[in-house]
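Structure record follows, encoded as structure tokens.
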Amino acid sequence: MAGKDTVAMLPTGSGKSLCYQFPSYLTQSQVLIVSPLLSLMQDQVEQIKFRGEKKVIALNSFLAFKERKRALKNLRYYRFIFISPEMLNLPEMKEALSSCRINLFVVDEAHCISQWGPDFRPDYLTLGKIKEDLGNPVTLALTATATVKIRADICQILNMDNPNEWIYSVNRPNIALRVDQLSTFKEKVLKLKGYIESLASPGIVYFSSKKLADELASEMNQTTSKKISSYHAGLEQDQRILIQQQFITDQLDWIFATSAFGMGVNKENIRTVIHFHLPSSMEAFVQEIGRAGRDGNKSLSILLYLSKDEQITTNLLELERPSIRQISEFEKMYNTSSDLKKIEEQIGLSEVQNRVLHYYAKKDSLKKNWVNHVDQQISTRILEKKSKMIQMTEYVTADVCRRQKITQCFDEDQPVPQLLCCDHCGFALDPFKDNQESLNTHLTWQERLSTIFKESENVRSTKNT
Amino acid sequence: MTYLDAILLVCFRLFNGDRSRSAIFHLVSGKKTSQTIQDGHLYGAQDFFQIFPDITRETFDLSCARLAHSNYLLQLDEQRWNVSKEGENALKDYFNSHHFPNHLKGWLYHDRAAVFWKRLLLLTQSLSNYAYRENRFYPVQRDPEVQHWVKSVFLKWGNDRNNYTNRLFLELTDLCSEEKFPDHPDFIIQQMTGYQLIGMTANQLAGYFSIDIWEVHIRFLNSLHFIFNEIQNQNKYPILYSMQEDLTQKEFVLTVSSEKTLIYINQAYSVEQIARIRNLKKSTIEDHIIEITLMIHSFSIDRYVHHSMQEEIWQAAAQLNNKRIKEIKEMVPDASFFQIRLVLVSKGRMESKWKIPYLNTLGSGLSEMVKKK
Ligand SMILES: [Zn+2]
């Protein structure tokens, strides 16, 4: 990186974290990493510890008060400091950071910065100011997928001056692309079941509903020969860790997940990624299918599409819009109460709505006619999101090569024609069929104990006699 | 009826319609207020304290609604519900074909057993990976205090680790092989993680045994509390004992207000005087005294209830075979409600648990078949 600001667009799991670990060892400096998702942060910390580095800490709301105090006092001794954007804005945090020598400022999932991105996080907008407070260290913005427009946003908000750009192609030649158009929900479930039984695993099926992921996972776990579990943010952390690790150690064939799954998972041999619902954007789609085939072997993406599926997502978007009445009530309450949770409950806002309104209250509080201003801003946002949806729908309905459709969205050159390209260019599913027997072994408790402790059964019998 | 419904019905049965629905919610979710703890002890339901630490009010209300819909619960008034005849029968039938958790000790063990379990999981994972010569793995427990504890034990055992691994293995095997082990050891052992062998989740166990997730949770907890009780035998289970000996039962500290009341009591002020001085209702001071009686075992109630009346109340309770204060009051009309509660609480603290023949019969309904699968 040679001490220059950099925007890196790398597929997940391609050693993103090495980008900042390696330089740190060279210069003996401290690295501050802003990371938006708590589970992702924990995963990254574990991965760094896994490599033998102990001087790493995650500052987030999981940390108990006492631990946090101790961590803040000793902050300058850590080499890697992970922090959530909310925490970064706390006064005591700013003070503790001023005692550190931050030489590298890393913003992970940097596309969250952009208001036009699907994962917009208002907290991220203050990062430019924070960078300044830290004495303008070299900045590295990491993202798995971002359009040209979003990349421009990132550079502007982070005050990056003529940065290096490392852009990897969104085109992954070893992933074949397929869309199945279905006419009823029932047909869709049957299709999925057929794929689960016949296609090569390990694989991930993405759902937009936790409930459906749970239900279908438990049903198909019983009725197929495959081992399937669901994974979403509604599960407790202990259980999430187990499922993730079972998947990594090939004890599970399929994971039925919401988009919460995958960001921190390093698994090379994922063979198939299926979308049961339409993803919210091309960015999300490319990121999710990109989890397949990191070992370079041939892999498969399948999108199951029911006509009017986009309607569900559009309706969800409309639900996200707070009414004028809610916005004006928010304005009144915001000026008198600082209890966010209370505001949320009284006005009946969703968490996302509250976060967005809160952001506008902070940013544009002096604007005349604030309520209308906010309503307009939100309408613009929703329109943007709808156009993202339309892009996604076009991927499904277009008659051209799907690979070409993807590269177009990211303003990349046309892909080189290839074998096993997409269902429009024509390919058979045979090479992607599962030819392994599912390991269906259930150990008895005695077997499990002796395996875990590496004891042979005869230890027991000799002792008994 | 789900397993959750059945367990809640048992709680309703214990509370006898004397307490509101919320009291039961606070009990099973483990709210640490003096009212909840009093209720638990007074009705012999303290073993159910915090058995569902993560239950939401919504889930709880849904379960109650199901019970009411099946006419297992009868509404007494807006707040209070009691178990109907149908409910009693349904409960008996249910626990004839389902495992009943005889070993739960919620109030006594809730926090210590949870920490012990986390330590056991992480220590086992660490020893296993060590045994297979793998020093890099993702810990299944991320609680920093648990990680810290495991690290220190690991260092302490040093080069003797293989020996300790073997002994821990033998202790666990012995424990699960015990004649009186209450359930299938799968509920404990299949959740444990080792080298390249990740533990099952509660959901997966539910699928494997074809039972609901609540049953998995309670049967796990029941076995865990059994284990926690067994390993107090230091001679028999030295390693497992050492994994929890530093965890002392956190004594319930009096609320600030009760503590103030206690200071006045010790200066020989009467209930009325304290109420006046503190500008509180008399009933509030009486609640404080109940709390003090429950928490401080040496506190004598003789100054509030004459010894002979204590006997009278106690005998009435025994005769009625319940703790319904109103019925006791009918038999001992001279006693106030406060005095009756006080006697029940003070006797309860000595017995630590009310003898409930009901629970015992339920427990014995457990058939061998259910036990094994
Ligand atoms: Zn193509």
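Mind checking whether some residue in the stretch A:277-290 is out of contact with any Leu (no Cβ under 6 Å at 6 or more places or on another chain), in a loop (DSSP other than H, G, I, E, B), of a type in the set (D, E, K, R) and open to solvent by 10 Å² or more (accessible area, probe 1.4 Å)?
No: zero hits.
Could you run through the stretch B:134-172 and say how many residues are exposed (fewer than 12 other Cβ atoms within 10 Å of the Cβ) and either under 20 Å from A:Gln246 (Cα atoms) or more than 11 Å from chain A (Cβ to nearest Cβ) (or both)?
Number satisfying all stated conditions: 10.
Only one of these conditions is not met by B:Ile24: (1) surrounded by fewer than 22 Cβ atoms within 10 Å (Cβ to Cβ); (2) among the hydrophobic types (A, V, I, L, M, F, W, C); (3) within 14 Å of the chain's Cα centre (by Cα). Which number is it?
(1)
Would you pick out the residues in the stretch A:211-239 that are touching a residue at least 60 places away in the same chain (Cβ under 8 Å), more than 9 Å from chain B (Cβ to nearest Cβ) and assigned to a loop (DSSP other than H, G, I, E, B)?
Within the stretch A:211-239, A:Ser225, A:Lys226, A:Ala233 meet the criteria.
Could you list all residues from the stretch A:398-440 that are within 15 Å of the ligand (Cβ to nearest atom) and outside any loop (DSSP other than H, G, I, E, B)?
A:Arg402, A:Arg403, A:Gln404, A:Lys405, A:Ile406, A:Thr407, A:Gln408, A:Cys409, A:Cys422
Which residues, taken from the stretch A:259-270, are crowded, with 20+ Cβ neighbours inside 10 Å and either over 17 Å from the mean Cα position of the chain (by Cα) or closer than 15 Å to A:Asp214 by Cα (or both)?
The answer is A:Phe261, and nothing else.
Could you please find all residues in the stretch B:175-212 being under 24 Å from the mean Cα position of the chain (by Cα), under 13 Å from A:Leu443 (Cβ atoms) and either more than 7 Å from every other protein chain (Cβ to nearest Cβ) or of a type in the set (S, T, N, Q) (or both)?
B:Gln190, B:Gln191
Report, by residue number, each residue of the stretch A:377-397 that is surrounded by 14 or more Cβ atoms within 10 Å (Cβ to Cβ) and within 16 Å of the ligand (Cβ to nearest atom).
The answer is A:Glu394, A:Tyr395, A:Val396.
Can you tell me which of A:Leu252, A:Leu242 is over 17 Å from A:Met41 (Cβ atoms), assigned to a loop (DSSP other than H, G, I, E, B) and hydrophobic (A, V, I, L, M, F, W, C)?
Values: A:Leu242 fails: assigned to a loop (DSSP other than H, G, I, E, B).
Testing whether each residue is over 17 Å from A:Met41 (Cβ atoms), assigned to a loop (DSSP other than H, G, I, E, B) and hydrophobic (A, V, I, L, M, F, W, C) leaves just A:Leu252.
Considering the stretch B:69-92 alone, what residues qualify as being in contact with a Leu (Cβ under 8 Å, 6 or more places away or on another chain) and not polar (S, T, N, Q)?
B:Tyr72, B:Leu73, B:Trp81, B:Val83, B:Gly87, B:Ala90, B:Leu91, B:Lys92, listed by residue number.
Please return the ranges of helices (runs of 4 or more DSSP H) entirely within the stretch B:279-373 where 3 or more residues are modelled with pLDDT under 85 and of a type outside the set (A, V, I, L, M, F, W, C). So that I can check it myself, show each step before the final result.
Working: elements: B:282-295, B:307-320, B:325-331, B:337-351, B:357-364, B:368-372.
Here the list reads B:337-351, B:357-364, B:368-372.
Given B:Leu104, B:Leu122, which one is in a helix (DSSP H, G or I), crowded, with 21+ Cβ neighbours inside 10 Å and touching a residue at least 12 places away in the same chain (Cβ under 8 Å)?
After ruling out the rest, the residue left standing is B:Leu122.
Residues are listed down the side, and each one gets a yes or a no for (1) in contact with a Leu (Cβ under 7 Å, 6 or more places away or on another chain); (2) of a type in the set (A, V, I, L, M, F, W, C); (3) surrounded by fewer than 17 Cβ atoms within 10 Å (Cβ to Cβ):
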| site | (1), (2), (3) |
| --- | --- |
| B:Glu272 | no, no, yes |
| B:Ala275 | no, yes, no |
| B:Lys281 | no, no, yes |
| B:His306 | no, no, yes |
| B:Ala316 | no, yes, no |
| B:Leu320 | no, yes, yes |
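The values are calculated or read from the model by the stated rules, or taken from the named source; none is laboratory data. Note that the structure is a prediction, hence the values are computed from the model and not measured. No Cβ is skipped: glycine too gets one built from the backbone with ideal geometry, and neighbour counts run over all protein chains shown. For the accessible areas, the whole protein counts, side chains as well, though only heavy atoms, and no ligand, DNA or RNA atoms are used. Shrake-Rupley method; radii C 1.70, N 1.55, O 1.52, S 1.80 Å.
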